[in-house]
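Right, one structure below, let's go through it.
The values are calculated or read from the model by the stated rules, or taken from the named source; none is laboratory data. Model, not experiment: these values are computed from the prediction. Cβ placement follows ideal geometry from the backbone for every residue including glycine, while neighbour counts extend to all protein chains displayed. For the accessible areas, the whole protein counts, side chains as well, though only heavy atoms, and no ligand, DNA or RNA atoms are used. Shrake-Rupley method; radii C 1.70, N 1.55, O 1.52, S 1.80 Å.
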Amino acid sequence: MARLLALLLLILAPSVPALAQGVAARLQAHPLEDPARGVIANRPAIVAALDLRPGLVVADIGAGTGAFMEPIARAVGPQGRYIAVDIDRDSVGLMRDRARALGLGNVEVLLSRPESVMLAPASVDLMVVIDAYHHFDPVKPMLASMLAALRPGGQLVVVDFDRTPQSPKWVRNHVRADKATFVREITEAGFRLDRDLAVPGLAGHFVTRFVKPAAR
């Protein structure tokens with residue numbers, strides 16, 4: 001019976017080429033994949049700034065469509081892992097299809113909660129939050145869960161809009177606070193501010209690295 005069920009699932013499941021075509025069509029129509037977005041247009045430079053290496057476990061918090069899935073998963077290699085985390089069920093489903101269509105075996109996609117990343121303690125080497133931190137609500141418990149999930153010495157890289165009085169009106173209306181406020185929230189949660197990372201071409205954003213202090 002189990003063999004018959006497995007065979008039926010195999011027959012009914014879409015082929016990878018068909019799945020890839022469907023995923024491509026869904027991504028092409030998705031606003032988060034718009035090539036005009038700064039983080040999409042500068043994706044290679046952002047990934048390069050992360051200084052990835054094989055074997056790392058990287059969690060992408062608020063991963064959305066998984067726009068950074070392929071470059072990060074390929075950079076950490078089969079010994080590493082890319083974990084896409086999002087609170088939206090539709091996004092999680094899309095990212096799972098994307099991983100399957102790309103044939104990436106080192107990808108895990110998790111449904112999280114607004115107050116928690118739902119990751120095991122001390123299980124991640126690097127967290128990235130790309131154009132998503134300004135959506136965090138509530139902030140304090142979310143940051144606490146992120147700090148807990150990082151290994152001692154692990155890194156958090158936040159890429160977000162650098163809201164200033166000169167920012168476009170839509171940025172001032174959409175982004176809840178400025179960089180200084182975000183940095184204060186993160187450091188008060190227990191992260192140590194490391195430094196800003198240079199990403200040439202990425203205008204109107206900041207890219208800042210934080211570190212979880214090593215255990216004493």
Problem - Scan of segment 51-66 for residues that are out of contact with any helix residue (DSSP H, G or I) (no Cβ under 6 Å at 6 or more places or on another chain), closer than 16 Å to Val207 by Cβ and open to solvent by 10 Å² or more (accessible area, probe 1.4 Å), ordered by number - result: Asp51, Gly62
Exercise for the section: Return yes or no: is Ala214 at pLDDT 95 or above and more than 27 Å from Ala36 (Cβ to Cβ)? Expected result: no
Exercise for the section: Please indicate, with yes or no, whether at least one residue in segment 180-190 is under 18 Å from the mean Cα position of the chain (by Cα) and open to solvent by less than 60 Å² (accessible area, probe 1.4 Å). Expected result: yes
Problem - Single residue of Val175, Val129 found to be touching a His at 6+ places or on another chain (Cβ under 8 Å) and either surrounded by 16 or more Cβ atoms within 10 Å (Cβ to Cβ) or not hydrophobic (A, V, I, L, M, F, W, C) (or both) - result: Val175
Practice task
Determine whether segment 138-151 contains at least one residue that is of a type outside the set (A, V, I, L, M, F, W, C) and not in a helix (DSSP H, G or I).
Solution key: yes
Exercise for the section: Please state which of the following conditions Ser145 fails to meet, knowing it meets all the rest: (1) among the hydroxyl-bearing types (Ser, Thr, Tyr); (2) surrounded by fewer than 17 Cβ atoms within 10 Å (Cβ to Cβ); (3) without any contact (Cβ under 8 Å) to a residue 60 or more places away in the chain; (4) within 22 Å of Arg81 (Cα to Cα). Expected result: (2)
Handout entry: Single unsatisfied condition, Ala101 versus (1) at pLDDT 95 or above; (2) open to solvent by 20 Å² or more (accessible area, probe 1.4 Å)
Key = (1)
